[in-house]
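The structure under discussion appears below in the form of structure tokens.
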Amino acid sequence: MRIDEVHTHTPFELSDGWSSDPSLRHVVGRLVLLNTPARVHQILDSLAAFAKTCAQTSRPLAALCDRPGAEPRLVQYNEWGQRVDRVETSEGWRGLKDFMTVHGLVGEGYGAEGQEAWLGKPDSLGGREQLGAVARLFSFARNFLFAPDSKVTPCPFSMTDGAVRTLELYGTAEQKGKYLPKLLSRDPTTSWQSGQWMTEVIGGSDVGMTETRATPLVETGRQAKAGDLYTIHGFKWFSSAIDGHASLALARTSSDTSLGSKGLSLFLIPVRKQDRPPIPATASYTDETAATSPFNGIKVHRLKNKLGTRHVPTAELELCGAIGELIGQEGRGVAQIASVLNITRIYSATGCVAAIARSLEVASSYAQVRAVGVQGRPTLLKDIPMHADRLARVGVCYRALLQLYFPTTLLLGKAETGTATPRDLRRLRMLTPVCKAFVAFRTTECIAQCIEAMGGQGYMAENPLPEALRDTLVERIWEGTPSILSLDVARIMVQTKGLALNEWLQDCAAVVDASTGALVAVDRGKVEKIGRQLDKVYAAIKRAYIDGAALATGDGRYARSLLELIAIVTSGVGLVEQAAWSASPSTVAVERGDAGLELETAVRWICGTDGGLDRTLSELDALMDGAKLASFDSQLAFPSRL
Ligand SMILES: Cc1cc2nc3c(=O)[nH]c(=O)nc-3n(C[C@H](O)[C@H](O)[C@H](O)COP(=O)(O)OP(=O)(O)OC[C@H]3O[C@@H](n4cnc5c(N)ncnc54)[C@H](O)[C@@H]3O)c2cc1C
């Protein structure tokens with residue numbers, strides 16, 4: 001008997017990511033209403049329409065990528081034995097990139113520069129010029145809706161976005177005029193995408209060890225200035241978006257190795273020969289690539305064989321005479337590339353939270369049609385309390401992560417439009433690594449739970465969950481692992497002398513206080529329970545990180561606990577605020593959630609096991625009491641290597 005001859009369950013269709021997701025609509029609705037009330041309906045209507053466009057247009061393009069042979073491949077030699085280094089990608093991948101370009105998935109976060117022609121067109125709400133700080137939230141909400149059907153095309157576009165921001169901040173007028181119109185263009189025939197080439201074999205987590213060298217193309221005898229041309233030599237170990245047009249890369253401009261990361265500068269390298277700036281006649285320059293290679297002094301040695309993100313061409317590159325333009329000042333490369341990372345990290349969180357949304361939708365749709373035996377009777381999964389309980393945990397986590405992620409996009413928008421206070425800027429600096437790291441590791445747990453909830457069918461490659469799990473696993477690695485990002489958070493605490501932490505504690509307490517009035521009418525007992533738990537957490541944070549100066553010990557395990565505490569509390573406080581908003585009277589017709597359900601979500605996250613606060617606190621206690629000895633960790637982690 002074949003599968004089509006037995007009884008199978010009714011197939012279900014996925015709807016679009018906006019109409020199927022009330023919690024997404026509610027958090028976006030609240031933040032937009034509070035920050036740009038006059039545009040709220042226009043923004044929400046536009047998101048609803050864009051979600052439908054994604055379902056109708058990008059989903060079929062993504063399906064093209066699932067055809068056999070659609071993964072990228074590198075053709076190094078032509079039939080004459082000449083080196084050509086051609087990267088071939090599929091029709092689906094190229095179509096998805098064009099979709100992102102045409103719909104301005106980067107451009108909507110920006111203003112007029114380079115995209116005057118697009119402002120006011122039907123698919124544009126006008127970027128920063130019209131929406132101010134909310135332009136970023138709006139732009140990320142669109143990326144969120146697109147991400148589950150994107151095949152990770154946002155990877156090159158996130159780096160493009162980072163390149164735009166870097167040029168805005170550090171580019172010369174000439175560089176802005178030359179590159180921004182290309183990077184922001186919505187015309188696929190003229191638009192450029194940019195990569196970011198930092199990771200080298202010697203160190204990905206610590207780019208300060210970069211070995212790639214840049215030497216001035218022409219000896220001028222004067223101080224280097226932005227826009228100067230350099231010849232670049234080195235080896236970049238992981239380089240995604242090699243099918244793009246340019247890349248920002250770090251290279252060492254000083255032979256004084258004692259300078260460490262201060263000897264590194266930032267360059268814009270056009271990927272192809274045809275796009276590189278003219279080489280002055282006075283330059284003695286050798287391009288070590290073959291005449292038949294299209295690349296600007298770049299050899300593509302191989303494409304990486306990866307667990308996930310398999311449609312993204314990620315290469316090992318040799319820079320052998322690549323011509324690059326200096327961006328900003330010599331020696332400021334690491335500080336400047338941080339503006340790329342601040343953006344790519346938020347894209348990383350976008351892809352993750354959106355992947356949970358899709359996984360939850362698939363698993364919950366399956367529960368409506370899959371019947372299993374309960375005491376001999378066929379019962380739909382949705383009617384089994386134990387099953388609902390497992391998926392409800394994913395639902396709680398998803399709602400909490402929305403409250404961490406979207407406010408961070410809003411802070412980014414404020415920073416970029418000059419409307420952020422110094423306090424906002426410190427909070428953004430702290431929340432960007434927190435959000436990226438925490439979202440990444442919670443996402444893979446959530447997707448695995450959704451796969452489990454679908455039984456054997458969940459494990460099948462033709463449903464989207466296994467691919468989502470593989471793709472989102474990389475978010476725990478690229479743009480900084482959770483450990484590296486925890487160390488970054490610790491650095492902020494040290495740099496601000498604890499101010500960022502103190503302000504955050506005050507802000508969290510103030511939000512909960514302000515929410516109490518509306519929420520006691522919903523359920524006083526739950527509000528008091530949340531208050532008691534948060535007081536306990538604040539006291540533990542003060543004991544360890546303010547009075548106890550745990551970060552000064554240099555033991556990174558404290559940093560990791562702190563990152564988790566900041567993430568769980570920030571998202572929990574966001575849930576409380578959301579519930580209070582839903583419980584408050586309003587004259588504006590914006591859809592709100594059920595305050596009772598939202599308060600219950602907050603209680604489960606903050607006081608129950610879903611958020612994991614008590615577990616993190618007990619780990620912190622064990623560190624503080626000296627009970628968690630590093631020597632035991634070593635024996636447990638490396639049993640056969642000691
Ligand atoms: C699919 C994919 C695509 C990528 N694309 C790009 C790209 O386009 N451009 C680019 O520049 N890079 C890219 N990367 C590289 C990525 O950014 C690095 O892999 C990442 O930063 C980690 O660096 P690493 O691999 O050298 O790991 P390592 O630095 O060797 O880290 C190994 C482990 O050690 C831990 N660790 C390292 N240092 C410390 C420390 N001081 N304290 C405690 N723990 C520590 C890390 O957390 C990690 O768990 C890509 C990676 C992947 C997987």
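The values are calculated or read from the model by the stated rules, or taken from the named source; none is laboratory data. Predicted model only: the values in this text are computed from it and were never measured. Don't worry about glycine lacking a Cβ; one is built from the backbone with ideal geometry, like all the others, and counts go over all protein chains shown. These accessible areas exclude ligands, DNA and RNA; they are computed on the full protein's heavy atoms, side chains included. Shrake-Rupley method; radii C 1.70, N 1.55, O 1.52, S 1.80 Å.
Exactly one residue among Val494, Val489 is surrounded by 14 or more Cβ atoms within 10 Å (Cβ to Cβ) and in a helix (DSSP H, G or I), and that residue is Val489.
Here is a yes/no grid of residues against (1) out of contact with any Leu (no Cβ under 6 Å at 6 or more places or on another chain); (2) buried (at least 20 other Cβ atoms within 10 Å of the Cβ); (3) under 19 Å from Lys236 (Cα atoms):
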site: Leu250; (1), (2), (3): no, yes, yes
site: Gly263; (1), (2), (3): yes, yes, yes
site: Asn305; (1), (2), (3): yes, no, yes
site: Gln329; (1), (2), (3): yes, no, no
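With respect to the conditions (1) more than 14 Å from the ligand (Cβ to nearest atom); (2) more than 30 Å from Ser359 (Cα to Cα); (3) assigned to a helix (DSSP H, G or I), Leu145 lacks only one, and its number is (2).
If you go through the stretch 579-627 and keep only what is β-branched (Val, Ile, Thr), more than 30 Å from Asn35 (Cβ to Cβ) and modelled with pLDDT of 95 or more, you end up with just Thr616. When Ile298, Ile346, Ile356 are checked against the criterion of being surrounded by 21 or more Cβ atoms within 10 Å (Cβ to Cβ) and over 22 Å from the mean Cα position of the chain (by Cα), Ile298 stands alone in meeting it.
Checking each residue in the stretch 213-254 for being of a type outside the set (D, E, K, R), in a loop (DSSP other than H, G, I, E, B) and touching a helix residue (DSSP H, G or I) at 6+ places or on another chain (Cβ under 8 Å) picks out Ala226, Gly227, Ser240, Ala241, Gly244, His245, Thr253, Ser254. Does the stretch 207-253 hold any residues that are more than 16 Å from Gln196 (Cβ to Cβ) and among the acidic types (Asp, Glu), and which are they? Glu211, Glu219, Asp228, listed by residue number. Here is a check on your reading of the model: is Tyr170 open to solvent by 20 Å² or more (accessible area, probe 1.4 Å), in contact (Cβ under 8 Å) with a residue 60 or more places away in the chain and not small (Gly, Ala, Ser)? Judged against the criteria, Tyr170 is a match.
For the stretch 463-478, a residue qualifies if it is open to solvent by less than 30 Å² (accessible area, probe 1.4 Å) and within 13 Å of the ligand (Cβ to nearest atom), and the qualifying residues are Asp471, Thr472, Glu475. Of all residues in the stretch 17-33, those satisfying the criterion of being in a loop (DSSP other than H, G, I, E, B) and crowded, with 20+ Cβ neighbours inside 10 Å are Gly17, Trp18, Asp21. I'd like to verify a number: residues in the stretch 289-310 that are of a type in the set (Ser, Thr, Tyr) and either within 16 Å of the ligand (Cβ to nearest atom) or part of a strand (DSSP E or B) (or both), how many? Total meeting the criteria: 1. Candidates in the stretch 191-211 are the residues that are near the ligand (Cβ under 6 Å from one of its atoms) and surrounded by 17 or more Cβ atoms within 10 Å (Cβ to Cβ); of these, the one that is nearest to Val340 (Cα to Cα) is Gln196.
For the structure I just gave you, tell me whether Ala281 is free of Cβ contacts under 8 Å to residues at least 24 places away in the same chain, open to solvent by 20 Å² or more (accessible area, probe 1.4 Å), among the hydrophobic types (A, V, I, L, M, F, W, C) and closer than 30 Å to Ser150 by Cβ.
So Ala281 fails the test.
Scanning the stretch 213-227 turns up one or more residues that are more than 30 Å from Pro60 (Cβ to Cβ) and crowded, with 24+ Cβ neighbours inside 10 Å.
As for the stretch 543-552, it holds no residue that is surrounded by fewer than 20 Cβ atoms within 10 Å (Cβ to Cβ), among the β-branched types (Val, Ile, Thr) and not in a helix (DSSP H, G or I). Annotation for the stretch 407-421: no member residue is crowded, with 21+ Cβ neighbours inside 10 Å, more than 20 Å from Asn143 (Cβ to Cβ) and at pLDDT 95 or above. I'd like to check something: does the stretch 213-233 contain any residue that is within 30 Å of Gly92 (Cα to Cα), in contact (Cβ under 8 Å) with a residue 12 or more places away in the chain and within 16 Å of the ligand (Cβ to nearest atom)? For the stretch 213-233, residues within 30 Å of Gly92 (Cα to Cα), in contact (Cβ under 8 Å) with a residue 12 or more places away in the chain and within 16 Å of the ligand (Cβ to nearest atom): absent.
Listed here are the residues, each with its yes/no results for (1) surrounded by fewer than 24 Cβ atoms within 10 Å (Cβ to Cβ); (2) touching a residue at least 60 places away in the same chain (Cβ under 8 Å); (3) more than 24 Å from Arg25 (Cβ to Cβ); (4) charged (D, E, K, R).
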{"residue": "Val134", "(1), (2), (3), (4)": "no, yes, no, no"}
{"residue": "Leu137", "(1), (2), (3), (4)": "no, yes, no, no"}
{"residue": "Pro154", "(1), (2), (3), (4)": "no, yes, no, no"}
{"residue": "Val164", "(1), (2), (3), (4)": "no, no, yes, no"}
{"residue": "Lys178", "(1), (2), (3), (4)": "yes, no, yes, yes"}
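Quick grid of which residues meet (1) more than 19 Å from Gly525 (Cβ to Cβ); (2) of a type in the set (Val, Ile, Thr); (3) within 16 Å of the ligand (Cβ to nearest atom):
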position: Leu551; (1), (2), (3): yes, no, yes
position: Ser561; (1), (2), (3): yes, no, yes
position: Glu564; (1), (2), (3): yes, no, yes
position: Thr587; (1), (2), (3): yes, yes, no
position: Gly593; (1), (2), (3): yes, no, no
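Open to solvent by 20 Å² or more (accessible area, probe 1.4 Å) and touching a helix residue (DSSP H, G or I) at 6+ places or on another chain (Cβ under 7 Å): does that describe Leu44? Answer is yes for this residue.
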